[in-house]
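Below is one structure, written out as structure tokens; comments come after it.
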Amino acid sequence: MKKLKVGIIPHTHWDREWYFTSSKSMIYSLHDFDEIIDHLEQDQEFKCFILDGQTSIIEDYISMRPSMEERIKKLIRENRIATGPWYTQPDTLVVSGESLVRNLLYGTRKAKELGKCMEIGYLPDSFGMSEQMPQIYRGFGLKYAAFRRGIADGLVKKGEFYWSSPNGDEVFVHNIYAYGSFGYPPEKPEDLKKYLMESIENLKEKYAAGFILLFNGEDQKPIRKNLPKLIKTAREVLPNIDVEMMSLEEAMAEIEKSGIDFERYQGEFTFGQYSRTHKSIFSTRADLKIMNNRIENYLQNIAEPVSSLAYMLGCKYEERVFEKIWKLMLDNSAHDSIGMCNSDDTNRDVQHRFIEANHLSRALTELKLREISTKIPVKDHFQFQVYNLLPYERGGLLETQLFLPFREVEIYDEEGNRYPSEVVDIKNVTDSILKKSIREIGVDNDSHTSWHKEIQNIFEAKMLIDIEKLQPFSYKTLYIRKKEKMQESLVQQNNCIENEYLSISINNDGRIDIYDKKRQKNYIDAIYFEDDGDEGDSYDYSEPTHNQYLRNVRVKSIDNTSNTLKSTLYIILEMPLPYNLKERDQGKTSVCNRIALNLSLVKNNPNVEIDITVLNRAIEHRLRMVVNTDIYAKYSYADEQFGTIKRKVYLKEVEFWKEEGWNEKPRTIEPMQSFVGIAKENSALQVITDSVREYQIIGEKFNKIAMTILRSTPYLGKEELNDRPGRESGTKAPTPDAELMHKEIHAKYHMAYHDQYQAYDFAKNAKEILTPIISYQGAQFKNNTTYFILTNPRDKDLPSDYSAFEIKGDVVLSTVKKAEDKEELVIRFYNPHRSLSKNALFAGTSGSLYQSTLDERIISTIKDRKIKVGTCEVKSIIYLQHPNDIETKR
């Protein structure tokens, strides 16, 4: 009979920050990592050690200990220290697909520079798993994954199984029962025997291959120096069990080859049966979550595509700047950091990194737009470019700031086509702009210029411009001239706005009604706010015993503005609330949250724009926007990284979780990337956000979408919650900043009615909203100290209009970026359909195309410019531009 085998995996799980700051973590890592290196060099019996599967902590260590670099590299080359494949250990449900790809890209690259990359998707403590992880791992050549949280008996019964993404990519998984399962072994032989036997008895049914893995280590734990001795003792007291120290890679390879018919599973892991997944952490510190989500969107939808377009036109691609920006974001995407389940000091560090990443990405984008603009021949001193950063023809409303030569203007293109426009706000800035700019003439090698003699006035204006059509992945130069006659603005009722698709009205009691003209449906009480108590902490929402759901508001004022392009209702509401849970129990409402709600409709656009600014004056509560429908849903549809997911709106496990002793209540509070929808046969509703990525389908008939705006949580961790019994998560420390008291939370949403749910239509609508048409005006009079001074290029050799490439087919662009340390570009897109494969066809360019992995290794040449994209599949294309691609378009 084959011996039972027990593999002991030595490791430390090293959080870069948590209830402590990253500074404190790094200082203590110097001591502990010194000790790990010293001891591994001295004790050859100590075979291996996992330094937490993330290279950022080693990067930090080497920056302070450069003399140790060669020593740690030698241990990594010899497989004594394992690191990678991650840069930081992310939460896979909160951040974007691009964030996960960059994390692995920088992590695997650094690990290989250090000597070797651990070939396992190793996430011992992240809060649940996205179903797209197998596909992402396979894109980096990883065929194994190991994680702890999210497992339930209703998903898989055993601890080792094959896990696939919707496109069919598969990895072999070891579910870590606990990464401290051998964390505190006693030294006395009889005590050690008992300790091991209890662990084996507890786990032998879970792991079917006759091979149990136990992890020696835990959060920020030093190396257990006497581990080889303990293993020898274990062999002596348990002669019928093979106990061995080994690497996780060795162990998983051996388990997979054991001949067992392992289970197969496709889907996400978000249940808290055996360990907490903190399934409402998506809304903790709404202010910081919103920063993350908006910067991620800006990076992948605007900054990288703009820099790529500039690169195609001969400008430098700032690869190292993007690496710095992404690494700031990746430092923040670690599971505690992005959860914001941290001390206030740590969250202030997180906020600072977001601010720096935001400033860098926007400044870099401005520079690249300016470099393009100043190389285009000047036909009008006030000319500007408009950009479509999606790979197909589109139009839409441009909302922008421009300098104008007149108060009344019209916008036109080179062919003479006029673009409807509206000036929303305007002021004369002639003196301030001209004085600064005239002083700089000659400094920029353009001393013969005459622009300053030809300009009489400069007005700064906020404008709306209706862009009917822009070519795929392109810019177009537009010009400004005086308009002879002002167009009259539309007049609408004070409490009502409408466009070709919809009519929206607000009643004196705050009820908002929407009439859908296309489907001739009236939605009464279509949007409202709901506030309830939250006894939870920075990890979890938890419903208090005597909860009250409040929705009464007082309308303080209603106003509107309407013109030919956009109409907006400006509504100020006051929402009486209990200050805290104690007042909620007593039925008191001693404070009022102020809610500024702007509802907008745009010409020829079916989306309702919803702009909300909440001034929070209460604690221990959750505020949500609720969208009310006549759709009785069984499922919700949301986007995830590189795809979409269908989820049940009711979980039967909620009926018996307490009796079965689950770690936390199963909940339908769900994550998303940008949109959620519900649907029935002839009707569907979609809600899109760049704000908190958390939703729940509620109502007696599951006909309402609740979008979390904010949660106020006075403590980092609390014990004995209704929805999460037992010990506190983290530590019970006050977090006054997480109360969000007297803080303004700015949340933005769009909603649209559809005839039916179609994954591509929903994903395309969301992508267009999050990738707006943008503009840049590179006027010579902006060359002053306010905007920084650039040498005016003598060769203005770029075309006035330019389209780089087109992609035809039902696929959604993820981003366009320069390949790492190569000359080519990477164009990444995905198919959002869960049941249909799609074809993507490249057009508009003669450049060479290659299919590549996510880590940018070329797989094959794309000869017919067509590529098949599987269900919820992401594709990375290496694009090498041919010189004549620009010349032919000039």
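Only one entry of SER567, SER600 meets the criterion of being in the same structural domain as ASP723 (by TED's automatic domain parsing), closer than 28 Å to TYR753 by Cα and more than 27 Å from the chain's Cα centre (by Cα), and that entry is SER567. Examine the range 248-263 for a residue that is in contact (Cβ under 8 Å) with a residue 12 or more places away in the chain, over 32 Å from the mean Cα position of the chain (by Cα), crowded, with 21+ Cβ neighbours inside 10 Å and assigned by TED's automatic domain parsing to the domain that holds TRP163, and state whether such a residue exists. Yes, the range 248-263 contains at least one residue that is in contact (Cβ under 8 Å) with a residue 12 or more places away in the chain, over 32 Å from the mean Cα position of the chain (by Cα), crowded, with 21+ Cβ neighbours inside 10 Å and assigned by TED's automatic domain parsing to the domain that holds TRP163. Do you know which of the residues in the range 129-152 that are over 22 Å from the mean Cα position of the chain (by Cα) and part of a strand (DSSP E or B) is surrounded by the fewest Cβ atoms within 10 Å (Cβ to Cβ)? So the residue we want is TYR144.
Of the residues that make up the range 789-808, is at least one more than 30 Å from MET672 (Cα to Cα) and among the aromatic types (Phe, Trp, Tyr)? Looking for residues that are more than 30 Å from MET672 (Cα to Cα) and among the aromatic types (Phe, Trp, Tyr), one finds at least one in the range 789-808, hence yes. Does LEU192 meet the test of being in contact with a Phe, Trp or Tyr (Cβ under 8 Å, 6 or more places away or on another chain), touching a residue at least 24 places away in the same chain (Cβ under 8 Å) and buried (at least 19 other Cβ atoms within 10 Å of the Cβ)? No: the conditions fail for LEU192.
Scanning the range 305-327 for residues that are touching a strand residue (DSSP E or B) at 6+ places or on another chain (Cβ under 7 Å) and small (Gly, Ala, Ser) yields a single hit, SER308.
Taking the range 364-396 as the range and being in contact with a strand residue (DSSP E or B) (Cβ under 7 Å, 6 or more places away or on another chain), aliphatic (A, V, I, L, M) and within 16 Å of PRO772 (Cβ to Cβ) as the test, the residues that pass are LEU369, VAL386, LEU390. Output yes when any residue across the range 51-61 is farther than 25 Å from GLY339 by Cβ, modelled with pLDDT of 95 or more and among the hydrophobic types (A, V, I, L, M, F, W, C), and no when none is. No, there is no match, as no residue in the range 51-61 is farther than 25 Å from GLY339 by Cβ, modelled with pLDDT of 95 or more and among the hydrophobic types (A, V, I, L, M, F, W, C).
Count of the range 812-840 residues, restricted to those that are within 26 Å of TYR317 (Cα to Cα) and of a type outside the set (Lys, Arg), is 15.
How do the strands (runs of 3 or more DSSP E) wholly within the range 625-744 filter down when requiring 3 or more residues that are of a type in the set (D, E, K, R): which remain?
In the range 625-744, the matching strands (runs of 3 or more DSSP E) lie at 643-648.
The residues in the range 351-375 that are crowded, with 23+ Cβ neighbours inside 10 Å and more than 21 Å from THR400 (Cβ to Cβ) can be counted, and the count is 1.
Within the range 112-128, the set of residues being in contact (Cβ under 8 Å) with a residue 24 or more places away in the chain and more than 24 Å from the chain's Cα centre (by Cα) comprises LYS112, LEU114, GLY115, LYS116, CYS117, MET118, GLU119.
What are the residues in the range 111-128 that are outside any loop (DSSP other than H, G, I, E, B) and within 12 Å of GLY53 (Cβ to Cβ), if any?
Step one: of the range 111-128, the residues outside any loop (DSSP other than H, G, I, E, B) are 111-114, 120-123.
Matches in the range 111-128: ALA111, ILE120, GLY121, TYR122, LEU123.
Does ASP60 meet the test of being in contact (Cβ under 8 Å) with a residue 12 or more places away in the chain and assigned to a helix (DSSP H, G or I)? Considered against the rule, which asks whether it is in contact (Cβ under 8 Å) with a residue 12 or more places away in the chain and assigned to a helix (DSSP H, G or I), ASP60 comes out as yes.
Looking across the range 785-831, the residues that are among the basic types (Lys, Arg) and closer than 20 Å to PHE762 by Cβ come down to LYS808, ARG828.
Hey, does the range 76-98 have a residue that's among the polar types (S, T, N, Q), part of a helix (DSSP H, G or I) and farther than 22 Å from LEU213 by Cβ?
No, the range 76-98 has no match at all.
Taking first residues from the range 570-589 that are free of Cβ contacts under 8 Å to residues at least 40 places away in the same chain and partners that are part of a strand (DSSP E or B) and of a type in the set (D, E, K, R), the Cβ contacts under 7 Å between residues at least 6 apart in sequence or on separate chains come to TYR570/ASP559; ILE572/LYS556; GLU574/ARG554; GLU574/LYS556; GLU574/ARG594. Can you run down the residue pairs with Cβ atoms below 6 Å, 6 or more apart or on separate chains, where the first is in the range 156-184 and closer than 18 Å to ILE255 by Cα and the partner is assigned to a loop (DSSP other than H, G, I, E, B) and of a type in the set (Ser, Thr, Tyr)? If the second residue must be assigned to a loop (DSSP other than H, G, I, E, B) and of a type in the set (Ser, Thr, Tyr), the pairs left are GLY159/TYR207.
I'd like to check something: does the range 395-410 contain any residue that is assigned by TED's automatic domain parsing to the domain that holds LEU470, under 28 Å from GLU318 (Cα atoms) and β-branched (Val, Ile, Thr)? Yes, that holds for at least one residue.
Scanning the range 773-791 for residues that are surrounded by fewer than 17 Cβ atoms within 10 Å (Cβ to Cβ) and not hydroxyl-bearing (Ser, Thr, Tyr) turns up PHE788, ILE789, LEU790.
Of note, ILE789 does not satisfy the criterion of being among the aliphatic types (A, V, I, L, M) and under 30 Å from THR644 (Cα atoms).
Looking across the range 553-602, the residues that are surrounded by 15 or more Cβ atoms within 10 Å (Cβ to Cβ) and not in a strand (DSSP E or B) come down to VAL553, ASN563, THR564, LEU565, PRO578, TYR579, ASN580, LEU581, GLU583, ARG584, ASP585, THR589. Take the range 785-834 and flag every residue that is within 30 Å of LEU105 (Cβ to Cβ) and among the hydroxyl-bearing types (Ser, Thr, Tyr). Of everything in the range 785-834, those that are within 30 Å of LEU105 (Cβ to Cβ) and among the hydroxyl-bearing types (Ser, Thr, Tyr) turn out to be TYR802, SER803, SER814, THR815, TYR830. Considering only the range 7-18, I want to know if a residue exists there that is over 24 Å from TYR177 (Cβ atoms) and in contact (Cβ under 8 Å) with a residue 40 or more places away in the chain. Yes - at least one qualifying residue is present in the range 7-18.
The range 473-531 holds strands (runs of 3 or more DSSP E) entirely within its bounds, and those carrying 3 or more residues that are buried (at least 18 other Cβ atoms within 10 Å of the Cβ) and modelled with pLDDT of 95 or more map to 474-482, 502-506, 512-516.
Selection within the range 24-57: residues that are part of a loop (DSSP other than H, G, I, E, B) and within 10 Å of TRP14 (Cα to Cα). The member of this set that is nearest to the chain's Cα centre (by Cα) is GLY53. Considering (1) buried (at least 18 other Cβ atoms within 10 Å of the Cβ); (2) more than 18 Å from LYS221 (Cα to Cα); (3) free of Cβ contacts under 8 Å to residues at least 40 places away in the same chain, the lone condition that SER29 does not fulfil carries the number (2).
The values are calculated or read from the model by the stated rules, or taken from the named source; none is laboratory data. Every value quoted in this text rests on a predicted model; they were computed, and no experiment measured them. A quick note on method: Cβ atoms are made from the backbone with ideal geometry, for glycine too, and the neighbour counts reach across all protein chains shown.
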